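Visitor: Can you keep this structure in mind? I'll have questions shortly.
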Amino acid sequence: YVVGHFHYVLSMGAVFAIFNSFVHWFPLFFSMNMNQKWLKIQFWFMFIGVNMTFFPQHFLGMMSMPRRYSDYPDAYYCWNLLSSLGAMISFNSMIFFIFIMMESFMSKRLTIFKFNQTSLEWIMNFPPYNH
């Protein structure tokens, strides 16, 4: 139970916040946009992968699987296999995010209407004139 809950809090909270803040600030820092359709696909793959990774760990904890063991009884094989498949999906999703970012640099999809944003930082020219 502890492993599943701990990683849910860190992965679903912190890592998703980092990804989302990167997507939000990317147009301001680089004056380019990422492909929105691909970003939505990447989000759902990451969401499914993270849930497939850490939700089975709740069941493993309830079944008294000890933590930090390199070898475990065969009774835990199915849940560990499902957790490993979820980790592979999450890893591929992060590779896909890097691909989306590189594709944005290669295609040079410029931000056209950055002044329609609601916060003040989008009003400033980047980089500033005196820089």
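Visitor: Can you name every residue in segment 1-39 that is closer than 24 Å to L81 by Cβ and surrounded by 14 or more Cβ atoms within 10 Å (Cβ to Cβ)?
Guide: V3, G4, H7, Y8, S11, M12, V15
Visitor: Mind checking which pairs have a first residue in segment 97-115 that is at pLDDT below 90 and a second that is in a loop (DSSP other than H, G, I, E, B) and not basic (K, R), Cβ under 7 Å, 6 or more apart or different chains?
Guide: Short answer, once both residue conditions are applied: R109/N33; L110/S31; T111/S31; T111/N33; F115/I123.
Visitor: Taking the condition of being closer than 26 Å to V15 by Cα, surrounded by fewer than 18 Cβ atoms within 10 Å (Cβ to Cβ) and at pLDDT 85 or above, how many residues in segment 40-80 meet it?
Guide: 10
Visitor: Now for a separate question. Can you tell me how many residues in segment 76-95 are touching a residue at least 24 places away in the same chain (Cβ under 8 Å) and over 13 Å from G49 (Cα atoms)?
Guide: 1
The values are calculated or read from the model by the stated rules, or taken from the named source; none is laboratory data. As the structure is a prediction and not an experimental result, all values here were calculated from the model. Don't worry about glycine lacking a Cβ; one is built from the backbone with ideal geometry, like all the others, and counts go over all protein chains shown.
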